[in-house]
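Q: Take this structure first; my questions come after.
The values are calculated or read from the model by the stated rules, or taken from the named source; none is laboratory data. Predicted model only: the values in this text are computed from it and were never measured. Note that we place each Cβ from the backbone using ideal geometry, even for glycine, and neighbour counts take in every protein chain shown. Accessible surface is based on the protein model in full, side chains and every heavy atom, while ligands, DNA and RNA are left aside. Shrake-Rupley method; radii C 1.70, N 1.55, O 1.52, S 1.80 Å.
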Amino acid sequence: NNGDIVTCQLTSTAACANPTIVNSNSSNMIVFNAVTPTISIVESANNICQGISVTYTASITNGGTPSYQWIVNGTNVGTNSNTYTYIPNNVDIVACQLTSTANCAYPVNVTSNLIIMYVNMVNVPSVTINQIDTNICEGSAIACLASYSNAGNNPVKRWIVNEIQFLIVI
């Protein structure tokens, strides 16, 4: 138990021992409670566009002077640090393993929660105009049709004539 004092008493059977009983020095016991290390990781962003760098940060308890091993899709990556930064791919799975040096840590190695990354492909928007009337008299109205792709729901369209913008929402 914590605070116990342990000594040893020896009774000698050697010829001419004087004294025949001797006591050792004492040792004070320091007993640490068992601790369970934990690790949890968070990401700086998720559901991101392709090519965006993400930083993961580990928070631990009962780690002592810990070692970190980052893991992406089952492969060891990164350095011995509580943070890891890289550019993820869609559905990459990120975790971190903690090796604790805390007194009485059990288990010594623990693995964090898993983070599944959601990465969206980059969409390049495009727009093309088609002139409906090709023969136009001076002072007449002209009709143009804009066709677009990868513009999302309800894109804003600005028509530009001689560098003057006109906002038309249709």
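Q: Over the alpha carbons of region 42-85, what is the largest minus smallest coordinate on each principal axis, giving the biggest first in Å?
A: Computed over region 42-85, the largest-to-smallest principal extents equal 37, 20, 14 Å.
Q: Given a 1.4 Å probe and every protein chain left where it sits, what share in percent of the accessible area of region 69-143 is carbon and sulfur? Don't skip to the answer; put the middle values down first.
A: On the way: 2670 of 5000 Å².
On region 69-143, the fraction of accessible area on carbon and sulfur atoms equals 53 percent.
Q: Using modelled amide H (1.01 Å from N, peptide plane; none on Pro or chain starts), what sits under 5 Å from the amide H of residue 105, excluding residues fewer than 5 places away?
A: When sequence neighbours closer than 5 places are left aside, the close amide H contacts are 35.
Q: I've got another one for you. Using Cα pairs under 8 angstrom and six or more residues apart, how large is the relative contact order of the chain, in percent?
A: On the way: 333 pairs, mean separation 29.7, N = 170.
So the answer I get is 17 percent.
Q: Translational diffusion coefficient, Stokes-Einstein: compute it for region 15-77 using the Kirkwood radius over C-alpha pairs as Rh, at 10 °C and 1.306 mPa s, and state it as an integer in µm² s⁻¹. Each step should come with its number before you reach the end.
A: Details: Rh = 17.7 Å.
In µm²/s, the coefficient rounds to 90.
Q: Please label the shape of region 62-124 as rounded, prolate or oblate, based on the square roots a ≥ b ≥ c of the eigenvalues of the alpha-carbon gyration tensor (a/c under 1.5 means rounded; beyond that, a/b larger than b/c means prolate, else oblate). Show your work: numbers first, answer last.
A: Working: a/c = 3.71, a/b = 2.76, b/c = 1.34.
Here region 62-124 falls in the prolate category.
Q: Which order, highest average first, do 64-74, 6-16 follow once you tally other Cβ atoms within 10 Å for each residue and take the mean per peptide? Please report the intermediate quantities before stating the final value.
A: Numbers: 64-74: 16.0, 6-16: 8.5.
Descending packing order for the listed peptides: 64-74, 6-16.
Q: Here is a further query. Leaving out ligands and nucleic acids, note down the accessible area per residue over the chain with a 1.4 angstrom probe, in whole Å².
A: Values: 12300 Å² over 170 residues.
For the chain, the per-residue accessible area is 72 Å².
Q: Measuring from the lowest to the highest alpha carbon on each principal axis, how far does region 15-170 reach, largest first, in angstroms?
A: 135, 26, 20
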